[in-house]
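To keep things clear, I will list the structure first and then write my remarks on it.
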Amino acid sequence: MDCAQALVEAIRQSRILVLVFSARSNHSPHVRREVERAVSRDIPILPFRIEDVPPSPSLEYFISNAHWLDALTPPLERHLEHLAEAVKLLLAGVTKPEQVAAEAKGPKSAEGAGTRVRQRQHKPTPLRVAYEAGKRWGARPVAWAAVSGALAAAILLGVLVTLSCGGGEGDADGGVQPPASTIPPSTGSPAGTPAPTLEPRPTLTPGAYEPPAGSANLFGNSGFEQGTDYWFSLRPEQPDETSDIAHSGQASAYLKMRDPTDATGAQVYYLVQEIAPAEFPELVSGYYRVENWKRGTEKQYLQFVVIVFAPTNLTVDKEGAPLSTPFPNYQIRYPLAGISEEPFLILNAFFKFLGREDPRQGEWVYFETNIKEDFLEKWKAVPEGYSKIRVLFEVRYDDKEAGLPSEADVYYDDLYMGPADANPNKP
């Protein structure tokens with residue numbers, strides 16, 4: 001089942017659709033189609049407004065009679081509690097908007113209590129994560145099927161299902177994305193985007209590389225001397241390209257970003273390889289080069305990502321708490337240049353910065369990290385029993401607003417994954 005079909009099926013089975021409403025969702029054709037689909041099936045719509053913007057005419061047509069819940073003032077947790085109560089009431093059969101509004105908000109708390117709430121340090125609850133995911137990926141509608149367990153988990157599941165089918169609009173590397181994470185062809189959970197994603201293609205890289213005897217490098221065609229053999233993009237519309245600007249040999253991988261002033265949201269340009277070694281590899285190393293860098297947003301950067309699918313021994317969340325249902329995949333994302341802070345919230349990924357400055361232009365820059373040690377430190381275990389490992393080398397942006405173009409010419413070469421003591425890239 002592809003993402004479009006999965007999304008239609010999710011909406012068909014839903015009892016409520018929560019529309020996380022922002023300026024971005026207001027003008028998204030995907031959001032409009034999903035709301036239209038819900039209306040056509042008489043599914044109640046509950047708009048949850050996180051930005052003070054009037055609805056576009058196309059959305060207003062469908063939601064003009066819906067009761068709105070606003071989340072424009074802090075603390076956020078109070079609004080999420082109202083949302084949860086409203087959903088419970090609607091599921092219980094309360095259909096009058098004003099009745100939902102009155103009962104969901106409940107009695108007003110004293111000013112002193114409100115002040116204490118604002119000062120409290122909140123943990124990242126499932127409802128907050130769902131909200132952040134919707135905000136991050138353009139506030140797609142959140143739809144979920146029969147809600148029988150904890151409401152917060154149901155809302156979170158709705159976010160993840162929606163994001164995995166395009167919510168991240170640019171992040172297809174297994175995160176809550178997307179759009180996403182979000183998010184890709186395979187079997188796990190981007191892009192986009194923020195948490196796990198669904199993947200219809202459970203196969204390895206077409207013609208998956210088998211290292212010859214005596215070769216330590218798990219990557220096939222690591223220097224791109226055979227064009228883009230063994231490498232692919234998660235988006236067919238992005239061509240695989242090589243360049244004669246090489247660190248060694250005659251070729252390198254070339255990622256070309258040319259996004260106009262009116263481009264918004266997230267976009268990822270990448271090369272990908274998937275492998276399934278019996279033993280988890282130790283080191284990833286390589287070189288990148290930037291020849292052109294026009295920043296269209298603060299969150300424009302280079303990174304590589306290591307995604308491990310279905311490991312049997314990773315069973316905790318990012319805080320070390322046991323998971324009742326393990327993530328479909330576990331990630332570490334390695335920003336190389338362009339950003340100094342984590343760009344967004346993602347449940348199934350840690351960030352480890354290998355560089356925080358703007359990319360140096362016109363020179364080859366070396367990078368390396370011990371991913372075995374990184375997974376042990378971050379996820380508390382070295383992955384075992386996994387179905388595959390996906391590695392992505394990217395140039396991307398997130399949270400772009402219209403106004404400035406995003407441009408980059410990025411090259412990767414001499415990429416390595418294997419034992420640390422056999423690293424051919426040692427400076």
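What follows is calculated from the coordinates using simple rules that are stated; it is not laboratory data. Just so it is clear, the structure is predicted and the values come from calculations on it, not from any experiment. Note: ideal-geometry Cβ built from the backbone for every residue, glycine included; neighbour counts use all protein chains shown.
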Checklist outcome for this item: The answer for K299, listing residues at least 5 apart or on another chain whose modeled amide H is closer than 5 Å to its amide H, is D398
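In the structure shown, do any of K352/K426; K299/K372; K318/K400; K318/K372; K372/K426 have a Cα-Cα gap over 22 Å, and if so which? Kindly include the intermediate steps, with their values, before the conclusion.
Details: K352/K426 20 Å; K299/K372 28 Å; K318/K400 27 Å; K318/K372 17 Å; K372/K426 18 Å.
Among K352/K426; K299/K372; K318/K400; K318/K372; K372/K426, the Cα-Cα distance tops 22 Å for K299/K372; K318/K400.
Using a ≥ b ≥ c from the Cα gyration tensor of segment 242-422 (square roots of the eigenvalues), is it rounded, prolate or oblate, where a/c under 1.5 gives rounded and otherwise the larger of a/b and b/c decides, a/b for prolate?
Numbers: a/c = 2.22, a/b = 1.37, b/c = 1.62.
Oblate shape, in that a/c is at least 1.5 and b/c is the bigger or equal ratio.
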Checklist entry - Can you give the relative contact order of segment 230-360 as a percent, counting alpha carbon pairs under 8 Å and 6+ residues apart? => result 18 percent
Next on the checklist: Once each part is reduced to its C-alpha centroid, what is the distance from segment 368-419 to segment 329-364 in angstrom?
Outcome noted: 8 Å
Item to check | For segment 337-389, the Rg and Dmax computed from alpha carbons only, in angstrom | outcome: 14.1, 42
Next on the checklist: With +1 assigned to the C-beta of every Lys and Arg and -1 to the C-beta of every Asp and Glu, and no other charges, what is the dipole magnitude of segment 223-300 about the Cα centre in debye, to the nearest 20?
Outcome noted: 400 debye
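Taking the number of other C-beta atoms within 10 Å as the exposure measure, put L69, L234 in order starting with the fewest.
L69, L234
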Item to check | ³J(HN,Hα), Karplus 6.51/-1.76/1.60, whole Hz, each residue of segment 75-83, x for Gly, Pro | outcome: x, 4, 4, 5, 5, 5, 5, 4, 4
